[in-house]
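First the structure, in the form of C-alpha coordinates, and then the observations on it.
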Amino acid sequence: MRIGFLFNHDQVHQVAHSLPVALAMRRNHPGTEVVIATTNARLTAEVKRLAARIGDRVDVVELGLRSAMTRFAAKHLEVVLPVSKIAIYRDNLDFFRSLDALVVAEKTSLLLKTRYGLDDLKIIHTRHGAGDRAIGFNKASAGFDHVLVSGSKIRERLIRDAGVSPDRMSQVGYPKFDLLPERPQKLPFQDNGKPTVLYNPHPSPHLSSWFEQGRQVLEHFLKDDRYNLIFAPHVMLFHRSFVVTIDKLRIDRPGRIDRRFYDAPNIHIDLGSSASTDMTYTAAADIYLGDVSSQIYEFLHTPKPCLFLDTHGADWRGNPNYAHWQAGEVIADPTHLGAALDRAVRSHDRYRPIQRELFQRSFELTAERSADRAARAIVGVLAPAAPMPMFEPQPATAPNVVPLRRRQGGIAA
(Lines give C-alpha, C1' and ligand atoms only; values in the text may rest on other atoms or scores of the structure.)
Protein backbone atom coordinates (compact mmCIF):
# COMPACT_ATOMS: atom_id res chain seq x y z
CA MET A 1 0.00 0.00 0.00
CA ARG A 2 1.19 3.47 -0.85
CA ILE A 3 -0.16 6.02 1.64
CA GLY A 4 0.30 9.77 1.28
CA PHE A 5 0.17 12.19 4.19
CA LEU A 6 -0.52 15.65 2.80
CA PHE A 7 0.09 18.96 4.56
CA ASN A 8 -1.55 21.70 2.51
CA HIS A 9 -2.14 25.03 4.24
CA ASP A 10 -0.77 28.55 4.48
CA GLN A 11 0.21 27.93 8.10
CA VAL A 12 1.70 25.03 10.08
CA HIS A 13 -1.02 24.42 12.67
CA GLN A 14 -2.30 21.18 11.11
CA VAL A 15 1.06 19.38 10.92
CA ALA A 16 1.13 18.10 14.52
CA HIS A 17 -2.27 16.45 14.12
CA SER A 18 -1.27 13.89 11.52
CA LEU A 19 2.54 13.80 11.32
CA PRO A 20 2.78 11.55 14.42
CA VAL A 21 0.47 9.11 12.60
CA ALA A 22 2.74 9.06 9.53
CA LEU A 23 5.77 8.36 11.72
CA ALA A 24 3.90 5.61 13.59
CA MET A 25 2.85 4.09 10.26
CA ARG A 26 6.47 3.92 9.10
CA ARG A 27 7.59 2.50 12.45
CA ASN A 28 4.84 -0.08 13.07
CA HIS A 29 3.76 -1.09 9.56
CA PRO A 30 6.88 -1.50 7.41
CA GLY A 31 4.84 -3.16 4.67
CA THR A 32 3.34 0.22 3.77
CA GLU A 33 5.03 2.90 1.71
CA VAL A 34 4.55 6.24 3.44
CA VAL A 35 4.92 9.42 1.38
CA ILE A 36 4.95 12.72 3.30
CA ALA A 37 4.03 15.65 1.04
CA THR A 38 3.92 19.38 1.72
CA THR A 39 2.99 22.36 -0.42
CA ASN A 40 5.44 25.03 0.72
CA ALA A 41 8.81 25.46 2.43
CA ARG A 42 7.25 26.55 5.73
CA LEU A 43 5.36 23.28 6.04
CA THR A 44 8.41 21.26 5.04
CA ALA A 45 10.46 22.92 7.78
CA GLU A 46 7.76 22.24 10.39
CA VAL A 47 7.48 18.57 9.39
CA LYS A 48 11.23 18.13 9.79
CA ARG A 49 11.30 20.11 13.05
CA LEU A 50 8.58 18.04 14.71
CA ALA A 51 10.02 14.77 13.42
CA ALA A 52 13.42 15.69 14.86
CA ARG A 53 11.76 16.58 18.17
CA ILE A 54 10.85 12.94 18.65
CA GLY A 55 14.10 11.63 17.21
CA ASP A 56 13.00 10.82 13.67
CA ARG A 57 14.11 11.94 10.22
CA VAL A 58 11.85 12.21 7.20
CA ASP A 59 12.16 12.79 3.49
CA VAL A 60 9.53 15.16 2.15
CA VAL A 61 8.02 15.62 -1.29
CA GLU A 62 7.23 19.30 -1.80
CA LEU A 63 4.40 19.78 -4.30
CA GLY A 64 4.17 23.02 -6.22
CA LEU A 65 2.04 24.91 -8.72
CA ARG A 66 2.96 23.82 -12.23
CA SER A 67 0.83 25.85 -14.60
CA ALA A 68 1.59 29.47 -15.43
CA MET A 69 -2.07 30.35 -14.91
CA THR A 70 -2.23 29.12 -11.31
CA ARG A 71 1.11 30.68 -10.46
CA PHE A 72 -0.14 34.02 -11.81
CA ALA A 73 -3.40 33.75 -9.84
CA ALA A 74 -1.54 32.85 -6.66
CA LYS A 75 0.86 35.77 -7.05
CA HIS A 76 -1.90 38.36 -7.41
CA LEU A 77 -4.75 36.96 -5.29
CA GLU A 78 -3.04 35.08 -2.45
CA VAL A 79 -3.14 38.18 -0.26
CA VAL A 80 -6.88 37.65 0.27
CA LEU A 81 -7.68 34.15 -1.08
CA PRO A 82 -6.00 30.72 -0.57
CA VAL A 83 -5.38 30.19 -4.30
CA SER A 84 -2.38 27.89 -3.87
CA LYS A 85 -4.16 25.68 -1.37
CA ILE A 86 -6.93 24.95 -3.87
CA ALA A 87 -4.93 24.85 -7.12
CA ILE A 88 -2.33 22.43 -5.78
CA TYR A 89 -4.69 19.50 -6.43
CA ARG A 90 -5.26 20.12 -10.13
CA ASP A 91 -1.58 20.79 -10.74
CA ASN A 92 -0.51 17.51 -9.08
CA LEU A 93 -3.16 14.98 -10.11
CA ASP A 94 -0.50 12.51 -11.27
CA PHE A 95 0.92 12.44 -7.74
CA PHE A 96 -2.46 11.82 -6.13
CA ARG A 97 -3.29 9.10 -8.68
CA SER A 98 -0.12 7.27 -7.61
CA LEU A 99 -1.51 6.73 -4.07
CA ASP A 100 -3.76 4.05 -2.64
CA ALA A 101 -4.81 6.35 0.20
CA LEU A 102 -4.39 9.97 1.25
CA VAL A 103 -4.41 11.07 4.90
CA VAL A 104 -5.24 14.72 5.55
CA ALA A 105 -6.15 17.03 8.43
CA GLU A 106 -8.28 19.40 6.31
CA LYS A 107 -11.30 19.12 4.01
CA THR A 108 -10.14 20.90 0.86
CA SER A 109 -8.63 17.63 -0.39
CA LEU A 110 -12.15 16.34 -1.07
CA LEU A 111 -11.84 18.27 -4.34
CA LEU A 112 -9.91 15.23 -5.57
CA LYS A 113 -13.19 13.31 -5.49
CA THR A 114 -15.82 15.98 -6.11
CA ARG A 115 -14.04 17.87 -8.91
CA TYR A 116 -11.30 15.62 -10.28
CA GLY A 117 -12.94 12.19 -10.13
CA LEU A 118 -10.37 10.28 -8.08
CA ASP A 119 -13.06 7.98 -6.68
CA ASP A 120 -10.67 5.05 -6.17
CA LEU A 121 -8.40 7.08 -3.88
CA LYS A 122 -9.35 6.51 -0.25
CA ILE A 123 -9.16 9.80 1.66
CA ILE A 124 -8.88 9.54 5.43
CA HIS A 125 -9.51 12.55 7.65
CA THR A 126 -7.54 12.99 10.89
CA ARG A 127 -9.30 16.29 11.70
CA HIS A 128 -7.34 19.00 13.51
CA GLY A 129 -8.37 19.98 17.00
CA ALA A 130 -11.30 18.79 19.10
CA GLY A 131 -13.26 22.03 19.30
CA ASP A 132 -17.00 22.64 19.29
CA ARG A 133 -17.54 24.97 16.33
CA ALA A 134 -20.33 23.91 13.97
CA ILE A 135 -18.07 24.04 10.90
CA GLY A 136 -16.14 21.08 12.30
CA PHE A 137 -19.27 18.96 11.94
CA ASN A 138 -20.62 20.08 8.58
CA LYS A 139 -21.74 17.74 5.82
CA ALA A 140 -18.31 17.71 4.15
CA SER A 141 -17.09 15.26 6.79
CA ALA A 142 -19.34 12.60 5.26
CA GLY A 143 -17.34 12.82 2.03
CA PHE A 144 -14.33 11.04 3.51
CA ASP A 145 -13.84 7.31 3.22
CA HIS A 146 -12.92 7.21 6.91
CA VAL A 147 -12.60 9.68 9.78
CA LEU A 148 -10.30 9.34 12.79
CA VAL A 149 -11.92 10.88 15.86
CA SER A 150 -10.41 11.77 19.22
CA GLY A 151 -13.37 10.99 21.47
CA SER A 152 -17.05 10.21 21.81
CA LYS A 153 -18.07 13.90 21.63
CA ILE A 154 -16.66 14.16 18.11
CA ARG A 155 -18.06 10.79 17.05
CA GLU A 156 -21.59 11.57 18.26
CA ARG A 157 -21.70 14.99 16.61
CA LEU A 158 -20.38 13.66 13.31
CA ILE A 159 -23.15 11.06 13.29
CA ARG A 160 -25.86 13.55 14.29
CA ASP A 161 -24.81 16.71 12.47
CA ALA A 162 -22.73 15.54 9.50
CA GLY A 163 -24.38 12.22 8.74
CA VAL A 164 -21.16 10.21 8.98
CA SER A 165 -21.84 6.48 9.25
CA PRO A 166 -20.51 4.97 12.52
CA ASP A 167 -18.68 2.24 10.61
CA ARG A 168 -16.65 4.92 8.80
CA MET A 169 -15.07 6.24 11.99
CA SER A 170 -12.38 5.00 14.35
CA GLN A 171 -11.80 6.43 17.81
CA VAL A 172 -8.05 6.87 18.19
CA GLY A 173 -7.34 9.53 20.82
CA TYR A 174 -5.28 12.60 19.97
CA PRO A 175 -1.94 11.98 18.19
CA LYS A 176 -0.84 15.56 18.82
CA PHE A 177 -0.56 14.76 22.53
CA ASP A 178 2.18 12.26 21.67
CA LEU A 179 4.40 15.30 21.04
CA LEU A 180 3.96 16.77 24.52
CA PRO A 181 7.18 16.89 26.58
CA GLU A 182 7.11 15.30 30.01
CA ARG A 183 7.62 18.69 31.60
CA PRO A 184 6.11 21.91 30.17
CA GLN A 185 8.67 24.49 29.13
CA LYS A 186 8.39 27.90 30.75
CA LEU A 187 9.18 31.11 28.87
CA PRO A 188 12.04 33.32 30.14
CA PHE A 189 9.69 36.19 31.06
CA GLN A 190 7.87 33.83 33.44
CA ASP A 191 10.88 33.88 35.75
CA ASN A 192 9.20 36.82 37.50
CA GLY A 193 6.98 34.24 39.25
CA LYS A 194 3.69 35.88 38.27
CA PRO A 195 0.78 33.73 37.05
CA THR A 196 0.55 33.70 33.27
CA VAL A 197 -2.58 34.19 31.16
CA LEU A 198 -2.83 32.86 27.60
CA TYR A 199 -5.07 35.05 25.42
CA ASN A 200 -5.97 32.94 22.38
CA PRO A 201 -8.63 34.61 20.18
CA HIS A 202 -10.04 32.91 17.09
CA PRO A 203 -9.66 34.52 13.62
CA SER A 204 -13.31 34.37 12.46
CA PRO A 205 -14.72 37.93 12.71
CA HIS A 206 -18.23 36.75 13.61
CA LEU A 207 -16.90 34.68 16.54
CA SER A 208 -13.63 36.24 17.65
CA SER A 209 -13.18 38.63 20.58
CA TRP A 210 -10.14 40.25 18.96
CA PHE A 211 -11.72 42.70 16.52
CA GLU A 212 -13.88 44.50 19.10
CA GLN A 213 -12.20 43.83 22.43
CA GLY A 214 -8.70 42.48 21.82
CA ARG A 215 -6.83 45.73 22.27
CA GLN A 216 -8.68 46.37 25.53
CA VAL A 217 -7.28 43.05 26.74
CA LEU A 218 -3.73 44.09 25.84
CA GLU A 219 -4.25 47.48 27.49
CA HIS A 220 -5.36 45.81 30.70
CA PHE A 221 -2.12 43.82 31.04
CA LEU A 222 -0.09 46.90 30.14
CA LYS A 223 -1.65 48.82 33.05
CA ASP A 224 -2.07 45.94 35.54
CA ASP A 225 1.04 43.76 35.61
CA ARG A 226 -0.09 41.41 38.39
CA TYR A 227 -0.35 38.76 35.67
CA ASN A 228 1.90 37.90 32.75
CA LEU A 229 0.25 37.67 29.34
CA ILE A 230 1.02 35.39 26.41
CA PHE A 231 -0.84 36.82 23.42
CA ALA A 232 -0.86 33.92 20.96
CA PRO A 233 -3.95 34.10 18.74
CA HIS A 234 -4.90 31.47 16.19
CA VAL A 235 -2.12 31.60 13.59
CA MET A 236 -4.54 32.64 10.83
CA LEU A 237 -5.69 35.83 12.61
CA PHE A 238 -2.69 37.92 11.50
CA HIS A 239 -1.65 35.78 8.52
CA ARG A 240 -3.20 38.16 5.96
CA SER A 241 -4.14 41.83 5.96
CA PHE A 242 -7.80 40.79 5.85
CA VAL A 243 -9.55 37.84 7.47
CA VAL A 244 -12.24 36.26 5.30
CA THR A 245 -14.53 33.54 6.66
CA ILE A 246 -16.68 31.24 4.55
CA ASP A 247 -18.89 29.50 7.13
CA LYS A 248 -20.57 32.89 7.65
CA LEU A 249 -19.35 35.32 5.01
CA ARG A 250 -17.48 38.11 6.77
CA ILE A 251 -14.32 40.15 6.19
CA ASP A 252 -12.37 42.25 8.67
CA ARG A 253 -8.89 43.63 9.32
CA PRO A 254 -6.89 42.39 12.31
CA GLY A 255 -4.84 45.61 12.26
CA ARG A 256 -1.43 46.15 13.84
CA ILE A 257 -0.06 45.67 17.35
CA ASP A 258 1.51 48.79 18.90
CA ARG A 259 5.18 48.58 19.82
CA ARG A 260 4.43 49.44 23.45
CA PHE A 261 2.75 46.05 23.92
CA TYR A 262 5.82 44.25 22.60
CA ASP A 263 8.03 46.25 24.95
CA ALA A 264 6.07 45.47 28.13
CA PRO A 265 8.11 43.10 30.34
CA ASN A 266 5.04 41.09 31.38
CA ILE A 267 3.68 40.58 27.82
CA HIS A 268 4.87 38.02 25.28
CA ILE A 269 3.39 38.35 21.76
CA ASP A 270 3.53 35.62 19.14
CA LEU A 271 1.40 36.10 16.03
CA GLY A 272 2.25 32.86 14.30
CA SER A 273 5.43 30.96 15.16
CA SER A 274 5.42 27.18 15.59
CA ALA A 275 5.22 27.69 19.36
CA SER A 276 1.67 28.94 18.75
CA THR A 277 0.69 25.55 17.35
CA ASP A 278 2.73 22.89 19.19
CA MET A 279 1.16 23.36 22.66
CA THR A 280 4.13 25.33 24.03
CA TYR A 281 1.84 28.09 25.26
CA THR A 282 -1.12 25.96 26.37
CA ALA A 283 1.29 23.98 28.54
CA ALA A 284 3.16 27.02 29.90
CA ALA A 285 0.14 29.18 30.83
CA ASP A 286 -1.70 29.08 34.15
CA ILE A 287 -4.99 30.67 32.99
CA TYR A 288 -6.79 30.54 29.64
CA LEU A 289 -8.59 33.59 28.18
CA GLY A 290 -10.33 33.13 24.85
CA ASP A 291 -13.49 32.75 22.82
CA VAL A 292 -14.04 29.76 20.49
CA SER A 293 -10.59 28.39 19.63
CA SER A 294 -10.24 24.61 19.92
CA GLN A 295 -6.96 25.17 21.76
CA ILE A 296 -9.01 25.41 24.95
CA TYR A 297 -9.18 21.61 24.95
CA GLU A 298 -5.40 21.28 24.59
CA PHE A 299 -5.04 23.72 27.49
CA LEU A 300 -7.28 21.44 29.58
CA HIS A 301 -4.77 18.59 29.26
CA THR A 302 -4.10 19.77 32.81
CA PRO A 303 -7.23 21.36 34.37
CA LYS A 304 -6.57 25.05 35.02
CA PRO A 305 -8.63 28.25 35.38
CA CYS A 306 -10.45 29.50 32.27
CA LEU A 307 -12.26 32.69 31.30
CA PHE A 308 -14.23 33.39 28.12
CA LEU A 309 -15.12 36.60 26.28
CA ASP A 310 -18.62 36.74 24.76
CA THR A 311 -18.20 39.64 22.35
CA HIS A 312 -21.18 38.82 20.14
CA GLY A 313 -23.94 38.13 22.65
CA ALA A 314 -24.02 34.42 21.85
CA ASP A 315 -26.91 32.24 22.93
CA TRP A 316 -24.42 29.77 24.32
CA ARG A 317 -26.11 27.95 27.20
CA GLY A 318 -27.02 24.43 26.14
CA ASN A 319 -25.48 25.07 22.70
CA PRO A 320 -23.02 22.30 21.70
CA ASN A 321 -21.06 24.82 19.62
CA TYR A 322 -20.10 26.53 22.90
CA ALA A 323 -19.78 23.47 25.15
CA HIS A 324 -16.29 24.58 26.23
CA TRP A 325 -17.75 27.73 27.83
CA GLN A 326 -18.84 25.48 30.69
CA ALA A 327 -15.16 25.30 31.70
CA GLY A 328 -15.09 28.79 33.24
CA GLU A 329 -16.88 32.11 33.69
CA VAL A 330 -18.17 33.91 30.58
CA ILE A 331 -17.93 37.72 30.60
CA ALA A 332 -19.34 40.23 28.12
CA ASP A 333 -16.42 42.65 28.02
CA PRO A 334 -12.93 43.07 29.48
CA THR A 335 -13.64 46.30 31.40
CA HIS A 336 -13.14 44.54 34.76
CA LEU A 337 -10.78 41.85 33.50
CA GLY A 338 -8.57 41.93 36.59
CA ALA A 339 -11.42 41.03 38.94
CA ALA A 340 -12.64 38.33 36.53
CA LEU A 341 -9.19 36.73 36.42
CA ASP A 342 -9.03 36.77 40.22
CA ARG A 343 -12.41 35.04 40.35
CA ALA A 344 -11.28 32.45 37.82
CA VAL A 345 -8.41 31.47 40.10
CA ARG A 346 -10.51 31.47 43.27
CA SER A 347 -13.39 29.48 41.77
CA HIS A 348 -11.41 26.89 39.87
CA ASP A 349 -12.37 24.04 42.21
CA ARG A 350 -15.95 24.55 41.04
CA TYR A 351 -14.99 24.11 37.39
CA ARG A 352 -12.32 21.41 37.73
CA PRO A 353 -14.71 18.39 37.51
CA ILE A 354 -16.52 19.98 34.55
CA GLN A 355 -13.20 20.49 32.79
CA ARG A 356 -12.22 16.87 33.36
CA GLU A 357 -15.50 15.64 31.91
CA LEU A 358 -15.19 17.94 28.87
CA PHE A 359 -11.64 16.74 28.29
CA GLN A 360 -12.49 13.06 28.64
CA ARG A 361 -15.35 13.21 26.13
CA SER A 362 -13.14 15.10 23.69
CA PHE A 363 -10.06 12.87 24.04
CA GLU A 364 -10.76 9.30 25.07
CA LEU A 365 -7.17 8.24 25.60
CA THR A 366 -5.87 4.77 26.41
CA ALA A 367 -2.57 3.23 27.49
CA GLU A 368 -1.63 2.93 23.81
CA ARG A 369 -0.17 5.98 22.08
CA SER A 370 -2.77 7.77 19.97
CA ALA A 371 -0.56 7.81 16.85
CA ASP A 372 -0.13 4.03 17.06
CA ARG A 373 -3.91 3.59 17.37
CA ALA A 374 -4.46 5.87 14.38
CA ALA A 375 -1.90 4.08 12.21
CA ARG A 376 -3.49 0.73 13.06
CA ALA A 377 -6.93 2.11 12.20
CA ILE A 378 -5.72 3.24 8.77
CA VAL A 379 -4.23 -0.17 8.03
CA GLY A 380 -7.55 -1.71 9.10
CA VAL A 381 -9.43 0.52 6.65
CA LEU A 382 -7.12 -0.35 3.76
CA ALA A 383 -6.83 -4.07 4.66
CA PRO A 384 -10.33 -4.97 5.90
CA ALA A 385 -9.30 -8.54 6.75
CA ALA A 386 -7.80 -7.21 9.97
CA PRO A 387 -9.96 -4.23 10.99
CA MET A 388 -9.44 -2.14 14.08
CA PRO A 389 -12.28 -2.28 16.61
CA MET A 390 -14.01 1.05 17.04
CA PHE A 391 -13.78 0.88 20.83
CA GLU A 392 -10.67 -0.58 22.38
CA PRO A 393 -10.50 -2.55 25.62
CA GLN A 394 -7.57 -0.72 27.20
CA PRO A 395 -8.49 1.36 30.24
CA ALA A 396 -8.38 5.12 29.81
CA THR A 397 -5.43 6.79 31.47
CA ALA A 398 -4.60 10.34 32.31
CA PRO A 399 -2.44 11.93 29.63
CA ASN A 400 0.93 12.38 31.23
CA VAL A 401 9.48 10.06 2.33
CA VAL A 402 10.50 7.84 0.46
CA PRO A 403 11.46 8.58 -3.20
CA LEU A 404 8.44 8.62 -5.47
CA ARG A 405 8.09 5.85 -7.98
CA ARG A 406 6.13 5.05 -11.13
CA ARG A 407 3.06 2.86 -10.61
CA GLN A 408 0.00 1.83 -12.57
CA GLY A 409 -2.59 4.59 -12.75
CA GLY A 410 -0.22 7.54 -12.72
CA ILE A 411 3.32 8.84 -12.31
CA ALA A 412 4.36 10.38 -9.03
CA ALA A 413 5.71 13.89 -9.42
How much space per residue, in cubic angstrom, does the convex hull of the C-alpha atoms of the range 178-284 take up? 107 Å³
Distance from the Cα centre of the range 1-69 to that of the range 176-195, in angstrom? 26 Å
Cα-based Rg / Dmax (Å) for the range 109-237: 19.7, 59
At what distance in nm do the modelled label points of residue 383 and residue 191 sit from each other, each positioned 7 Å from its Cα along Cα→Cβ? 5.3 nm
Given R₀ = 30 Å, FRET efficiency for residue 59-residue 239 by Cβ-Cβ distance, to 0.05? 0.60
Extension length gain for residue 145 and residue 315 (0.36 nm per residue less Cα distance), in nm, is 57.8 nm
Helix-only mean residue ellipticity at 222 nm for the chain, each DSSP H run of n ≥ 4 adding -39500 (n - 2.57), per residue, nearest 500: -8000 deg cm²/dmol
With each label point set 7 Å from Cα along the Cα-Cβ vector, what nm distance links residue 223 and residue 269? 1.8 nm
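For the chain, what does the accessible surface come to per residue with a 1.4 Å probe? Please give it in Å².
43 Å²
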Which percentage, to the nearest 5, of the DSSP beta bridges contained in the chain is antiparallel? 10 percent
Run the dipole for the chain about the Cα centre, Lys and Arg Cβ at +1, Asp and Glu Cβ at -1, nothing else charged, and hand back the magnitude in debye, nearest 20. 800 debye
First compute the accessible area of the chain with a 1.4 Å probe, then give the percent of it belonging to carbon and sulfur atoms. 52 percent
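Report the full-extension gain for the segment residue 261 to residue 346: residue separation times 0.36 nm, less the Cα-Cα distance, to one decimal in nm.
Working: separation 85, 0.36 × 85 = 30.60 nm, distance 2.76 nm.
Length gained between residue 261 and residue 346: 27.8 nm.
The values are calculated or read from the model by the stated rules, or taken from the named source; none is laboratory data. Keep in mind that this is a model prediction, so the values were computed, not measured. Backbone-built Cβ (ideal geometry, glycine too); neighbour counts: all protein chains shown. Accessible surface areas use protein heavy atoms only, side chains included; no ligands, DNA or RNA. Shrake-Rupley method; radii C 1.70, N 1.55, O 1.52, S 1.80 Å.
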